[in-house]
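The values are calculated or read from the model by the stated rules, or taken from the named source; none is laboratory data. Predicted model, so just to flag it, every value in this text is computed and none were measured. Methodologically, a virtual Cβ is constructed for each residue, glycine included, from the backbone with ideal geometry; neighbour enumeration extends over all protein chains shown.
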């Protein structure tokens, strides 16, 4: 195993942050961190930019400043951003039923579920009762068909439950029906590309 090094910038006034970051890599902590990066801004100024460890479980490739990481549910914020761009363009009405944009969604009593319900985790579609194989998560049509057929776990708007694995498909399919573009394509063309942001919804298998 190669030595773990912490690189980047961390001014003395934020030494405690740098120490806490480095502590994650200490042998005494059972190697709980393989590789990581951390950055912080204050009033738009980048004040801390740290990275260290390795980019693979075998610890053969060093983690670099630009190592790609899976940011998990941060993607929900980007998905919501795309939806609100359509609202701003008067292409999406959050309080109209989802079926206006996605007719198949009307199954199982969901004809009054709105996009606002989808965005706020109150649609009652936090899970899918039908058993699916793990690889279904990588098949957009399988997931959206299953969600269109699903009966809500509670009446829309009456309860809140984190739509951890369904949010992107639900909001993303509404967006796709309106724009004709996948969520990843829309985000790349309308958000990340114009901003020069190194954030992606969907990448080639080579970076898995």
Filter result (in contact with a helix residue (DSSP H, G or I) (Cβ under 7 Å, 6 or more places away or on another chain) and buried (at least 19 other Cβ atoms within 10 Å of the Cβ)) within the stretch 122-132: 123, 125
Selection status of residue 168, buried (at least 16 other Cβ atoms within 10 Å of the Cβ), part of a helix (DSSP H, G or I) and modelled with pLDDT of 95 or more: yes
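Just for strands (runs of 3 or more DSSP E) wholly inside the stretch 1-117: which have at least 3 residues that are crowded, with 16+ Cβ neighbours inside 10 Å?
Result: 35-42, 45-53.
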Residue in the stretch 133-142 that is surrounded by 21 or more Cβ atoms within 10 Å (Cβ to Cβ) and either modelled with pLDDT of 95 or more or within 19 Å of the chain's Cα centre (by Cα) (or both) present: no
Residue under evaluation residue 144, criteria (1) closer than 22 Å to residue 87 by Cβ; (2) part of a loop (DSSP other than H, G, I, E, B); (3) in contact with a helix residue (DSSP H, G or I) (Cβ under 6 Å, 6 or more places away or on another chain), criterion not met: (2)
